1. What is the packing order of peptides 162-172, 96-106, taking the mean over residues of other C-beta atoms within 10 Å and listing the highest first?
2. Give the peptides 203-213, 149-159 in descending order of average Cβ contacts within 10 Å, highest first.
3. Treating the beta-carbon of each Lys and Arg as +1 and of each Asp and Glu as -1, no other charges, what is the dipole magnitude of the stretch 172-275 about its Cα centre, to the nearest 20 debye?
4. Which links in Lys107/Lys280; Lys107/Lys219; Lys182/Lys280; Lys107/Lys194; Lys107/Lys184; Lys237/Lys278 stretch past 32 Å when you go from one Cα to the other?
Amino acid sequence: MKKLLLCAFIAGLLPLPFTAVDFVKAADTPAKSDAAPGTRRRTVLPVPGDADKAMADGGSFVQTAAPAADDGLSAQAIVDMVMMSRALGKDDKDGVTFPGELNRGGKSVPFKVQVLPTLIRFYFENPKQNISLDTNEKGFRLREVTAGSNKEVPASMYSSGVRGTDLTYDDISMRYLYWPSKQKIGEETIKTRKCYVVDLKNPQKLGEYYLVRIFVDKKSGGLMRMMAYGWDGKLIKSCTVTAGMKVNGTTVMQTMEVIRYVPGTMKVAGETTFELKKPK
């Protein structure tokens, strides 16, 4: 079967290994919520402890995931699964172009994204802006083209929101997958899918993320969720797949919820919805 394997999160161009039925089943199960009565329900995520209390072992936060069975798969092997899921199949060498929208606070930012085997390009208008992500097994290159400028995105911009949204250049590049410090800490279930949970620690003080916790589908290697923590050990960001759609017989990510938190709380500081639409 021809597979449409898209970049797993850039935030979120994510191949989903399950059918739409899984979303229905998940919706039938009540979820914890931090929403006030009369507002839209939002899933409450676990919050690890503060860094000064929870990193005596050299960098890992308190484990909130259930201990994983010893299946012999290392943290690096799990990250390699995600890397594999980011690649397009050989039959998709010409790529796929999706229209999409970023929505924040009632403001919609339309875009197009072209997905190639090792290259992803975002196209924005008004003003024109192209963001290109070139990936391989060794690393990534993130470039930005605007009026009069064509350059690699500098480290000083990693924490900047794309087009004024909560989706940052760090989220697009997924550079945390290349950080050398990786620890497999357990398993959790997300939307009926069993996931490995791995912590990735930033080796340099570049960007706002000290540690990123990823939730990887055990069967497909698709990235279901990421949770990011600042340099004080507080939760500051989560990206979670919320819906899927069928494209060429394969279920892929349709919407993803990107939430920025007031550090150390579940109070929402900003929320952006990342949505893809079927290719025309």
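Coordinate-derived values only; no laboratory data. Just so it is clear, the structure is predicted and the values come from calculations on it, not from any experiment. Cβ atoms come from the backbone with ideal geometry, glycine included; neighbour counts cover every protein chain shown.
1. Highest to lowest by the protection proxy: 162-172, 96-106.
2. Averaged packing, sorted descending, gives the order 203-213, 149-159.
3. 260 debye
4. Over 32 Å Cα-Cα: Lys107/Lys219; Lys182/Lys280; Lys107/Lys194; Lys107/Lys184.
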